[in-house]
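To start, the structure under review is shown below, and the notes come after it.
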Amino acid sequence: MTIDARNNATLPTLMALCLGIGAMFSVTTQAAEASPTMASKPASAATLSRQQQTIPLIAAFMATSDMPNLNTALNQGLDAGLTISETREILVQLYAYVGFPRSLNALNELMAVVQARKQRGIEDAPGHEPSRAIPIGDELLAAGTANQTRISGAPVTGPVFEFAPVINRFLQTHLFGDIFERDNLDWQSRELATVGALAATPGVEPQLRSHMAASLRVGLSTAQLLEVTELLKKHGDVHTAERANSALAQALAASGK
């Protein structure tokens with residue numbers, strides 16, 4: 001895999017949806033009551049799969065609007081076996097962390113990549129859409145709250161949510177409800193994408209640390225996350241890799257690993 005590193009301008013502040021899980025480093029939480037056999041937490045592996053290796057790079061270049069490198073990373077992801085649905089879902093989810101404009105631009109790039117590959121005779125696997133209907137109303141709130149608790153490690157509470165309670169409701173109903181209830185992309189892949197995007201974004205180190213910890217909770221191993229930092233160092237911006245490495249070290253120290 002060869003992707004040229006580029007210097008990227010500082011990105012604007014993340015959308016408010018990203019605030020909640022990152023605030024886990026500054027809010028008081030209660031003990032979690034999540035099941036130890038969470039369906040979305042497969043056994044940890046020693047190394048990332050070929051598909052997983054491409055996800056943080058796709059996310060990092062999407063977050064920095066680096067279209068030439070994003071084009072290369074998208075091709076490599078599809079070559080590695082990511083389906084069109086999985087790749088599309090990565091770019092859709094990341095609007096909650098880096099904004100609609102970058103998500104829309106990246107989706108346009110993916111469309112162009114898929115079309116160009118088809119013209120070269122490459123038929124990429126379409127993948128599948130979510131297999132179940134997303135709940136609505138109170139059921140959506142309940143599902144999203146349960147997902148948030150599992151990923152965050154405890155119910156999310158604290159002064160910021162007392163000051164602006166609507167932000168946590170948005171997190172619970174939309175990010176952890178509407179988005180994380182979509183089962184066409186597993187939670188490990190969703191966290192790899194979020195880590196890649198946040199590592200490429202200066203100024204959101206608390207959120208990055210939180211998602212490194214969340215990555216461990218959904219079943220990614222320390223070795224796999226170290227591999228992520230090495231991939232970002234080898235193929236991405238040096239500052240992106242430094243932020244990822246620092247966040248992982250702090251998450252591991254906080255978890256006692």
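Details
- Verdict on Arg190 being of a type in the set (D, E, K, R), out of contact with any His (no Cβ under 8 Å at 6 or more places or on another chain), within 16 Å of Ala96 (Cα to Cα) and touching a residue at least 40 places away in the same chain (Cβ under 8 Å): yes
- Any chance Gly127 is crowded, with 18+ Cβ neighbours inside 10 Å and either assigned to a helix (DSSP H, G or I) or modelled with pLDDT of 95 or more (or both): no
Conditions (1) among the β-branched types (Val, Ile, Thr); (2) part of a helix (DSSP H, G or I); (3) under 23 Å from Ser44 (Cα atoms), marked per residue:
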site: Gly203; (1), (2), (3): no, no, no
site: Arg209; (1), (2), (3): no, yes, yes
site: Ala223; (1), (2), (3): no, yes, yes
site: Glu230; (1), (2), (3): no, yes, yes
site: Lys234; (1), (2), (3): no, yes, no
site: Asn245; (1), (2), (3): no, yes, yes
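- Taking each residue of region 119-140 that is on the phi > 0 side of the Ramachandran plot and looking for partners that are surrounded by 12 or more Cβ atoms within 10 Å (Cβ to Cβ) and of a type in the set (Ser, Thr, Tyr) with beta-carbon atoms closer than 6 Å, six or more apart or interchain, yields Gly127/Thr83; Gly127/Ser85.
- Which numbered condition Glu191 fails, given (1) modelled with pLDDT under 95; (2) assigned to a helix (DSSP H, G or I): (1)
- Those residues of region 211-221 which are assigned to a helix (DSSP H, G or I) and of a type in the set (A, V, I, L, M, F, W, C), in sequence order: Met212, Ala213, Ala214, Leu216
- Exclusive hit being farther than 24 Å from Gln53 by Cα, surrounded by 15 or more Cβ atoms within 10 Å (Cβ to Cβ) and modelled with pLDDT of 95 or more, set Gly121, Gly177: Gly177
- For the residues Leu91, Leu107, Leu78, the requirement of being free of Cβ contacts under 8 Å to residues at least 60 places away in the same chain, closer than 14 Å to Gly196 by Cβ and assigned to a helix (DSSP H, G or I) singles out Leu91.
- Within region 215-257, considering residues that are surrounded by 24 or more Cβ atoms within 10 Å (Cβ to Cβ), in contact (Cβ under 8 Å) with a residue 40 or more places away in the chain and more than 19 Å from Ser65 (Cα to Cα), the one farthest from the chain's Cα centre (by Cα): Ala247
The values are calculated or read from the model by the stated rules, or taken from the named source; none is laboratory data. Just so we're clear, the structure is a prediction, and the values are computed from it rather than from any experiment. Positions of Cβ are generated from backbone atoms using ideal geometry, with glycine treated the same way; all protein chains shown enter the neighbour counts.
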